[in-house]
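Since the structure comes first, as structure tokens, the remarks are kept for the end.
The values are calculated or read from the model by the stated rules, or taken from the named source; none is laboratory data. Source: prediction; values computed, not measured. Methodologically, a virtual Cβ is constructed for each residue, glycine included, from the backbone with ideal geometry; neighbour enumeration extends over all protein chains shown. Just so you know, the surface numbers come from the protein's heavy atoms only, side chains and all, with ligands and any DNA or RNA stripped out. Shrake-Rupley method; radii C 1.70, N 1.55, O 1.52, S 1.80 Å.
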Amino acid sequence: MTTALITGASSGIGTVYARRLAARSHDLVLVARATDRLNKLAEELRTAHDVTIEVITADLTDTAQLNLVAERLRADPPIDILVNNAGAGLSGGFANANPVALENLLRLNSLAPTLLTAAVLGGMLKRGHGSIVNIASALAILPEYADGIYAATKSYVLTMSQSLNAEVGQQGIYVQAVLPAATRTEIYERSGGDISKVPDVMEVDDLVDAALIGFDRKELVTLPPVPEEADWNAFEQARMVLARGFMNAKPAERYRS
Ligand SMILES: NC(=O)c1ccc[n+]([C@@H]2O[C@H](COP(=O)([O-])OP(=O)(O)OC[C@H]3O[C@@H](n4cnc5c(N)ncnc54)[C@H](OP(=O)(O)O)[C@@H]3O)[C@@H](O)[C@H]2O)c1
């Protein structure tokens with residue numbers, strides 16, 4: 001038996017991950033703030049799949065509560081799969097931004113996955129295996145499509161996943177960044193948006209099922225709605241062309257006069 005810890009399991013993408021991973025016979029640790037919703041889901045999954053489910057109520061923007069989750073990630077039974085999924089949006093741009101709201105978004109979307117990954121990684125490396133799934137966003141590579149810092153928090157998650165893969169991908173650790181585009185969950189209403197105004201919304205079951213196919217194929221980056229895998233490969237190749245360009249000790253000719 002293996003155990004998966006899912007943050008943000010009380011609704012949307014996290015709830016579907018919990019259902020799918022329980023159906024694959026993983027024991028689960030469910031994390032979010034809404035204890036009632038987590039307990040209800042835990043009961044549903046114990047009954048349906050005969051798996052062990054722990055519930056941790058935690059606000060991941062709070063350092064002490066985040067540390068509780070990090071402690072569980074270092075404890076036994078060991079966590080084999082960490083799904084860094086909890087996240088939120090923030091309406092409004094920079095101009096009227098509330099600094100506390102900005103800080104909390106960074107804590108939830110970027111700091112929490114960082115510290116939870118750091119907490120689980122040592123044990124995974126000792127055991128020689130483990131999977132870390134990070135739910136980023138299509139906005140990670142399309143920042144012009146959103147106001148404020150949401151896209152930046154998600155490009156951080158993508159870059160963190162790529163860095164982590166470069167560091168430990170050859171040591172038995174599988175890292176996946178999932179980049180959903182618009183998906184039907186509570187995230188829009190929670191951040192003051194209206195999902196009925198969003199075109200081309202994917203159903204959440206479809207999103208997670210596609211992400212799990214990417215997981216089974218050990219993709220580093222999974223882009224469920226993008227029709228052609230070759231488009232991502234071309235994007236990566238363009239990045240490597242730039243990488244060659246950075247390997248110059250002198251400024252480029254156009255910056256010399
Ligand atoms: N839906 C989309 O269109 C879309 C697109 C791209 C990326 N994503 C990403 O997908 C992930 C899941 O979002 P979703 O769409 O499933 O939205 P959702 O239905 O609103 O779910 C968000 C989850 O995060 C938890 N959460 C929020 N604030 C938290 C906090 N302070 N501490 C702990 N948990 C917290 C929520 O639980 P509690 O309220 O119980 O704490 C909930 O379980 C997010 O990282 C989001 O950025 C979503």
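Looking across segment 99-108, just one residue is more than 13 Å from the ligand (Cβ to nearest atom) and either in a loop (DSSP other than H, G, I, E, B) or under 20 Å from the mean Cα position of the chain (by Cα) (or both), and that is L102. Scanning segment 1-43 for residues that are within 27 Å of A182 (Cβ to Cβ), open to solvent by 10 Å² or more (accessible area, probe 1.4 Å) and more than 15 Å from the ligand (Cβ to nearest atom) turns up A23, R24. Return yes or no: is A70 within 9 Å of the ligand (Cβ to nearest atom) and in contact with a Leu (Cβ under 8 Å, 6 or more places away or on another chain)? Criteria not met by A70.
Listed by position, the helices (runs of 4 or more DSSP H) enclosed by segment 110-227 that each have at least 1 residues that are away from the ligand (no atom under 14 Å from the Cβ), surrounded by 17 or more Cβ atoms within 10 Å (Cβ to Cβ) and not small (G, A, S) are 112-127, 150-168, 204-216. Taken over segment 73-93, the criterion of being of a type in the set (G, A, S), open to solvent by less than 60 Å² (accessible area, probe 1.4 Å) and within 16 Å of the ligand (Cβ to nearest atom) is satisfied by A86, G87, A88, G89. When T47, T61 are checked against the criterion of being without any contact (Cβ under 8 Å) to a residue 60 or more places away in the chain and within 20 Å of R107 (Cβ to Cβ), T61 stands alone in meeting it.
Any chance segment 94-103 includes a residue that's surrounded by 15 or more Cβ atoms within 10 Å (Cβ to Cβ) and not hydrophobic (A, V, I, L, M, F, W, C)? Scanning segment 94-103 turns up no residue that is surrounded by 15 or more Cβ atoms within 10 Å (Cβ to Cβ) and not hydrophobic (A, V, I, L, M, F, W, C). Of the residues examined, T63 is not one that is open to solvent by less than 40 Å² (accessible area, probe 1.4 Å) and not aliphatic (A, V, I, L, M).
The helices (runs of 4 or more DSSP H) found entirely in segment 1-98 that carry 1 or more residues being modelled with pLDDT of 95 or more and touching an Asp or Glu at 6+ places or on another chain (Cβ under 7 Å) are 12-23, 63-74.
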